[in-house]
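Trainee: Take this structure first; my questions come after.
The values are calculated or read from the model by the stated rules, or taken from the named source; none is laboratory data. What you are looking at is a predicted structure, and each value in this text was computed from that prediction instead of being measured. No Cβ is skipped: glycine too gets one built from the backbone with ideal geometry, and neighbour counts run over all protein chains shown.
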Amino acid sequence: MATNPAPGTAEGEGRFWSKVHRGPEGACWIWLGAIADDGYGRYYLHAGTGGMVRPHRYAYALALEIELEELGELMHVCDVPVCVNPAHLQPGDHTENMRDRMRKGRADNGLFGHSVGVGRAG
């Protein structure tokens, strides 16, 4: 059974970036890999190293050259859940993130208080 390259290695980073479409300068970098029901990406790490992470968090950790465990909550300045451009992300706390989404009208879709994500092709 084949395993994925370990994160933090050239092979692991190459595998990650192969799932990203980098737009022109200043644009979103779109995650092309797995997407969860909430509209945010999913990136599966090498077996035995932690399972699934959010790709925007992984990209931000790579850009800052820090461990994922060192990251707090991140906010998308661009409001695109599948964007992994580190320049479009900023640290914040949960309260700031919830206020930001309320202010921008992304709070919920009225169904059980769940947030609206990217729709699935039907």
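Trainee: When only residues in region 1-39 that are under 19 Å from Cys83 (Cα atoms), touching a Gly at 6+ places or on another chain (Cβ under 7 Å) and part of a loop (DSSP other than H, G, I, E, B) count, which is modelled with the lowest pLDDT?
Mentor: That would be Asp38.
Trainee: If you go through region 69-91, how many residues are assigned to a helix (DSSP H, G or I) and under 12 Å from the mean Cα position of the chain (by Cα)?
Mentor: 2
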